[in-house]
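Below you'll find the structure, written out as structure tokens, and then a few comments.
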Amino acid sequence: MYDRRYEFFPKQPKNRRVKGDRDIPSRSQDSRTSDLQYAKVRKVFDQPKNKISDALCASLWNVSHQQMRNSPLRGLTLPDTYKTQPVIKKALHTLDLEEGLYVEEGISGNYYLNSLCWTSKTQVCIGLEESVLVYDIKTQQEREIATRYSITALAYDFGVLVIADSKGGIQYINSEVYTQVRLTHKTKAYTKIISDGSHGFYAASQYGRCLTHFDLRTPQRTHNIQFFDASLTGLAFDKVTGTLAISNGTTIEIFDPSYLRHPTFTFTDHKSPSKALEFSPYQRNILASGGGADDMTLKIWDFKTGAIIAKAIPKTQICNIHWLDSDSVLITEGNEHRVSCWSINRASEQLSMDCSSSNVHTDRVLLSAQNPHNKKNFATASPDQTLRFWSVDKPAVSDTEIPESYLNAARIR
């Protein structure tokens, strides 16, 4: 007999919805969400006006911040819309005038002379008509070294102060005891003297059109090269690569000191003599040059290839250049009576003015010297008979941005 108890009927499977990481209910869980959905259907919202608040509200409730503020939801309060602050970049450098010294008379107004140099950490020397004034910034004491003629150029290295006068004489002074250790007589006045970083000095004469090398180990001059076609205005020596740069008329010539008869490279992009020449102590093969009154351009270039890295047109006569770091230089402006800092933008091949002083000097800033022990300190001198001391600071670059808050926090979905 057939027993129905043992009859098996196939069971129909139930349709069960598999829940994922989170269960999104089909019904509102509270009255606030219900009111929000009701208001959304009625389209009582305004247009969105703020991207930050809109992004937050859209991610949480799928509506904008401004829409929720204008909707008639019960008990819903939102903070005021956060206004995005503009990005304000701070200056890369700040230029501060620390001290000034008035000299009664004697600072020359000749553009080609270079009668200012920095000796020790706190001492600066400036050439006057018939003397050299040594000023100590720390003690504010003055010392005077008498000379027979007016000073045309000064230089310092190896504990020796080199003084060139208008009659072609060169004195070597021991900077510790201020006594003469050597005297050299020439026929033409030297207008620029620089150290060779080893045992001597290079001296260029704008009037005699010659370049001379003096070795302190021997009384004899080691090199004397005559230039017949133009006068020598600028002179710089790279102690890293042992390269010499000479501004010869409107061209800048690069020399190997071991062979001064022919330049290894000639740069012809300036239209007037360049008194301002300075090798970069931070990067190899980089030279900064500034043009005179007929050129008024500032250029940073590779002296191996001649490629211009960056350039600018300050529209003023450039008298001196000093490197602050690998991406910025400081110049003294003749016609504008100012000192300014320029930053290098290698991507756009442009130089941009970072900061500039007011017209502290009332005449052209013809002379300047950088502290070799602290590159941020330098001195300037002008025919207005004043000596100024400056410091350049480089604060940390920071932008005014949106602060960190819960808007940027990670959200678990």
Local charge sum around ILE344 (other residues, Cβ-Cβ under 12 Å, Lys/Arg +1, Asp/Glu -1)? -1
Give me the net charge for the shell around LYS271: Cβ to Cβ below 12 angstrom, other residues only, Lys and Arg +1, Asp and Glu -1. -2
Here are some pairs, LYS275/LYS376; LYS121/LYS394; LYS138/LYS394; LYS239/LYS376; LYS186/LYS275; which of them have Cα atoms lying more than 31 Å apart in this structure? none
Burial ordering of HIS213, HIS262, fewest other beta-carbon atoms within 10 Å first: HIS262, HIS213
Centroid-to-centroid separation of the stretch 212-244 and the stretch 323-353 [C-alpha atoms, Å]: 27 Å
To make sure I understand, if each residue's beta carbon is the centre and we count other beta carbons within 10 Å, what order do CYS125, CYS319, CYS210, CYS355 fall in, fewest to most? CYS355, CYS210, CYS319, CYS125
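Around LEU183, with a cut-off of 13 angstrom between Cβ atoms, what is the net charge of the other residues, counting Lys and Arg +1 and Asp and Glu -1?
Details: positive: ARG148, LYS167, ARG182, LYS186; negative: ASP165.
Result for the neighbourhood of LEU183: +3.
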Could you give each residue of the stretch 324-335 its phi-based ³J(HN,Hα) in whole Hz, using Karplus coefficients 6.51, -1.76, 1.60 with θ = phi - 60°, and x for Gly or Pro? 8, 7, 5, 10, 7, 10, 10, 10, 9, 9, x, 5
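We did not get these values from a lab; they are worked out from the coordinates using the rules stated. These numbers were taken from a predicted model, which means no experiment stands behind them. All Cβ positions, even for glycine, are placed from backbone atoms using ideal geometry, and neighbour counts span all protein chains on display.
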